[in-house]
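Dropping the structure in here first, questions after.
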Amino acid sequence: MATSSHLDELTRIRGLMDRSTRFLSLSGSSGIFAGAVAIAGAAAGRVHYAAIGSQDRIARLQEGGPAMLDPAYADHVGFLLADALVVLFVALLGAWWFTRRRAGRTGQSLWDASARRLLINMAIPLATGGLFSFALFRHNDAFLVAPATLVFYGTALLNASKYTLDEVRWLGAIEIALGLIACYWPEAALLLWTIGFGLLHIVYGLLMYLRYERK
């Protein structure tokens, strides 16, 4: 009985330490929502790509041609940038709402020290990746933007994983792997981006929901 009581006390102390150093209120529902939004955004980009009827001219970018001077290419890239911003905004809004709801249920503050550490460690690689991706676009290497966003997003997850759930580390490692594959397989970059930001988030969200949220 005494041993069982001691084990229970150690478990309780460990739980309190985790809650003070790690943000444990990430919502699986936010992952599912973000994945669905990313898939919808990728589908919109694919439809626009097919609709403008200039795939042959846009493909010259991957061959080193002056595609940036092509109006069809400029139109498509502009659409993709707007599409990406909308996806990012909607996904972040959904993540905030679902995480706020879960934090209220678990009794953890949405803006405590662990949440701040998590956001700071994610923000640095994400901001770096955003600036790097913009530089790629400016230097006519836009076909590398999708791989770069996967790699830097995965790096951000790895960097922040020590302040939240351990499963985030594995998600980050897979995102990096997909980004590196896309660097050498540009024809499949949109598909790999959709898998990384869409399908993987949905799978991750379902696992987190079943493991931590389902009662």
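Wholly within region 69-168, which helices (runs of 4 or more DSSP H) include no fewer than the required count, namely at least 3 residues that are surrounded by fewer than 16 Cβ atoms within 10 Å (Cβ to Cβ) and either modelled with pLDDT under 90 or at positive phi (or both)?
Because the criterion is at least 3 residues that are surrounded by fewer than 16 Cβ atoms within 10 Å (Cβ to Cβ) and either modelled with pLDDT under 90 or at positive phi (or both), the helices (runs of 4 or more DSSP H) in region 69-168 that meet it are 71-106, 113-138.
Another question, then. Criterion first (among the polar types (S, T, N, Q) and in contact with a helix residue (DSSP H, G or I) (Cβ under 7 Å, 6 or more places away or on another chain)) does residue 106 satisfy it?
Answer is no for this residue.
The values are calculated or read from the model by the stated rules, or taken from the named source; none is laboratory data. The structure displayed is predicted, hence computed values, not measured ones. Glycine gets a Cβ as well: all are built from the backbone with ideal geometry, and neighbour counts include every protein chain shown.
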